[in-house]
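Undergrad: Before I ask anything, here is the structure I am working with.
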Amino acid sequence: MMEMEFFPSRTLVLYLSRLFITRILAVLVMLVLVLMILDLLGESGDILEYAGNGEAQLLHYVSLRVPQLIARFLPYSVLLATIITLATLNQNSEVISMKAAGLSAHQVLAPLILTALAISLVSFAFNERVVTRATATLEAWKAVDYGPVPRASSVRDNVYLSDGQHILAAGVVTDGEQGMHMRQVTYYRRNSHDMIVEQIRAPRASYAAPGWKLEQAVRFDLAGMKNTKLASVTVAPGITPAQVRISKVDADAQNIFELSRSIAALKAAGRRTSELDAAWWHKLSGPLSALLMPLLGAVAGFGLARSGQLLIRAVIGMALGFAYFVVDNAALAMGNFGGYQPIVAAWAPFILFALVGETVLIRTEE
């Protein structure tokens with residue numbers, strides 16, 4: 001009768017879940033602390049380079065970066081915690097005791113899988129409510145070289161737009177109540193052979209309805225090899241603020257509903273959206289990767305600990321887990337290039353490794 005129950009013992013479920021959660025938190029805190037220190041060492045010079053920045057700005061950067069690190073390394077933490085938990089239980093002969101009591105390998109893993117499912121749901125909510133906002137804020141701050149961020153509804157960096165055969169590029173685009181403005185603007189005028197014949201640079205530009213008014217511009221004529229200073233000049237009449245808004249969409253900085261609207265706008269404009277479609281599906285499949293980790297790391301918990309193969313089993317479990325992340329990233333890259341359908345790119349690795357993990361578990365139990 002016990003073999004038919006997925007959770008045969010409430011006491012065992014609470015014991016294993018508590019053990020698993022404490023190890024997940026311990027591993028996650030360790031990873032985030034180490035990686036945050038290394039990341040801060042690399043970025044602190046750029047942050048402090050801006051006049052007036054100090055300790056407060058460094059702490060602000062940490063507050064924005066930590067949610068990103070948590071979201072990225074939570075599945076790794078679940079994997080490592082699975083291996084540590086099961087290897088410890090195996091080493092202490094607790095797994096043998098459970099199996100002697102009539103529990104199957106799936107029943108031993110059931111509390112861990114239930115805990116991982118809860119973590120996946122929390123991870124999804126955390127990504128949508130916290131990580132997207134932190135990413136959007138951090139990207140906007142980086143776009144202005146860690147200086148004061150303009151009070152705008154959105155900030156984009158490194159935007160390139162086509163005006164027929166000509167190109168308009170902007171280092172920073174702000175879109176707020178005062179209208180849309182560009183900074184570090186360059187306009188490339190090309191001939192019928194797509195060769196650049198003229199370059200106009202300006203520190204800022206604003207929408208002139210139609211076109212963009214470049215102020216304090218400098219024109220460089222490639223034919224005459226000379227510069228000409230201009231008080232202002234209007235270029236790119238074919239580019240509208242609506243086109244700028246959909247020119248660059250950061251899936252990591254938008255929640256699933258905002259991303260849906262961005263994809264719809266791009267499709268209405270006839271733009272390719274396969275990369276964003278894959279990112280949309282991955283917002284669902286990504287957090288669920290934590291659910292796979294107990295299954296992939298389960299090989300470390302079964303088999304005789306005194307046989308001398310516990311370390312080998314732990315390494316195999318770790319290799320399976322990291323192989324999933326490699327295949328997941330490769331599938332997303334293929335989806336971005338159009339090699340896979342977006343839904344296949346996001347979900348195929350999850351289904352594949354769920355089958356692999358289940359197969360390894362069944363063979364281990366046999």
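Undergrad: Somewhere in segment 137-154, is a residue touching an Asp or Glu at 6+ places or on another chain (Cβ under 9 Å), in a helix (DSSP H, G or I), buried (at least 19 other Cβ atoms within 10 Å of the Cβ) and not aromatic (Phe, Trp, Tyr)?
TA: yes
Undergrad: A further question follows. Considering only segment 190-212, state which residues are surrounded by fewer than 18 Cβ atoms within 10 Å (Cβ to Cβ), under 13 Å from Pro237 (Cα atoms) and out of contact with any Pro (no Cβ under 8 Å at 6 or more places or on another chain).
TA: Listed by number, the residues that qualify are Ser206, Ala208, Ala209.
Undergrad: Take segment 33-71 and flag every residue that is acidic (Asp, Glu) and either more than 21 Å from the chain's Cα centre (by Cα) or not assigned by TED's automatic domain parsing to the domain that holds Thr135 (or both). Let's see the steps before the verdict.
TA: Keep residues of segment 33-71 that are acidic (Asp, Glu), which gives 39, 43, 46, 49, 55.
Scanning segment 33-71 gives Asp46, Glu49, Glu55.
Undergrad: Let me confirm something: among Leu74, Leu86, Leu33, which residue is farther than 30 Å from Trp141 by Cβ and in a helix (DSSP H, G or I)?
TA: Leu86
Undergrad: Check segment 156-170 and report whether any residue there is modelled with pLDDT under 80, touching a Lys or Arg at 6+ places or on another chain (Cβ under 7 Å), of a type in the set (A, V, I, L, M) and surrounded by 19 or more Cβ atoms within 10 Å (Cβ to Cβ).
TA: No, the conditions are met nowhere in segment 156-170.
Undergrad: Kindly evaluate Glu275 against the criterion of being acidic (Asp, Glu), crowded, with 17+ Cβ neighbours inside 10 Å, over 27 Å from Leu25 (Cβ atoms) and within 16 Å of the chain's Cα centre (by Cα). Break it down into steps so the answer makes sense when it comes.
TA: Values: acidic (Asp, Glu): yes; crowded, with 17+ Cβ neighbours inside 10 Å: yes; over 27 Å from Leu25 (Cβ atoms): yes; within 16 Å of the chain's Cα centre (by Cα): yes.
Here the answer is yes, as Glu275 does meet what is asked.
Undergrad: Check Asn158 against each of (1) in a helix (DSSP H, G or I); (2) within 29 Å of the chain's Cα centre (by Cα) and name the one condition it does not meet.
TA: (1)
Undergrad: For segment 204-231, which residues satisfy the criterion of being over 21 Å from Gln243 (Cα atoms) and in contact (Cβ under 8 Å) with a residue 12 or more places away in the chain?
TA: Once the filter is applied, which keeps residues that are over 21 Å from Gln243 (Cα atoms) and in contact (Cβ under 8 Å) with a residue 12 or more places away in the chain, segment 204-231 yields Glu215, Gln216, Ala217, Val218, Arg219, Phe220, Asp221, Leu222, Ala223, Lys229, Leu230, Ala231.
Undergrad: Now for a different question. List pairs: first residue in segment 82-106 and under 14 Å from Leu311 (Cα atoms) and buried (at least 21 other Cβ atoms within 10 Å of the Cβ), second residue modelled with pLDDT of 80 or more and charged (D, E, K, R) anywhere in the structure, Cβ distance under 6 angstrom, at least six positions apart or on different chains.
TA: Thr85/Arg23
Undergrad: Which fully enclosed helices (runs of 4 or more DSSP H) of segment 208-298 have 2 or more residues being of a type in the set (Phe, Trp, Tyr)?
TA: On the way: elements: 241-245, 256-268, 274-285, 289-296.
Because the criterion is at least 2 residues that are of a type in the set (Phe, Trp, Tyr), the helices (runs of 4 or more DSSP H) in segment 208-298 that meet it are 274-285.
Undergrad: Okay, moving on. Six or more apart or on different chains, Cβ under 9 Å: which pairs go from a residue in segment 253-281 that's within 20 Å of Gly339 (Cβ to Cβ) and in the same structural domain as Gln341 (by TED's automatic domain parsing) to one that's among the acidic types (Asp, Glu) and in a helix (DSSP H, G or I)? Could you list them?
TA: Ala279/Asp252
Undergrad: Right, something else. What residue, of Leu64, Leu16, Leu28, is under 29 Å from Asp328 (Cα atoms), at pLDDT 95 or above, in contact with a Leu (Cβ under 7 Å, 6 or more places away or on another chain) and of a type outside the set (Val, Ile, Thr)? Give the steps one after another, and end with the answer.
TA: Numbers: Leu64 fails: at pLDDT 95 or above; Leu16 fails: at pLDDT 95 or above.
Being under 29 Å from Asp328 (Cα atoms), at pLDDT 95 or above, in contact with a Leu (Cβ under 7 Å, 6 or more places away or on another chain) and of a type outside the set (Val, Ile, Thr) holds for just one of Leu64, Leu16, Leu28, which is Leu28.
Undergrad: Any residue in segment 30-52 that is under 15 Å from Ser63 (Cα atoms) sitting within a Cβ distance under 9 Å of a residue that is at pLDDT below 90 and among the polar types (S, T, N, Q)? List the pairs, counting only those 6 or more apart or interchain.
TA: Final answer for the pair search is Ile47/Asn53.
Undergrad: Looking at (1) charged (D, E, K, R); (2) surrounded by 14 or more Cβ atoms within 10 Å (Cβ to Cβ); (3) at pLDDT below 90, can you tell me which one Arg306 breaks?
TA: (2)
The values are calculated or read from the model by the stated rules, or taken from the named source; none is laboratory data. What you see is a predicted model; the values in this text were computed from it and never measured. All Cβ positions, even for glycine, are placed from backbone atoms using ideal geometry, and neighbour counts span all protein chains on display.
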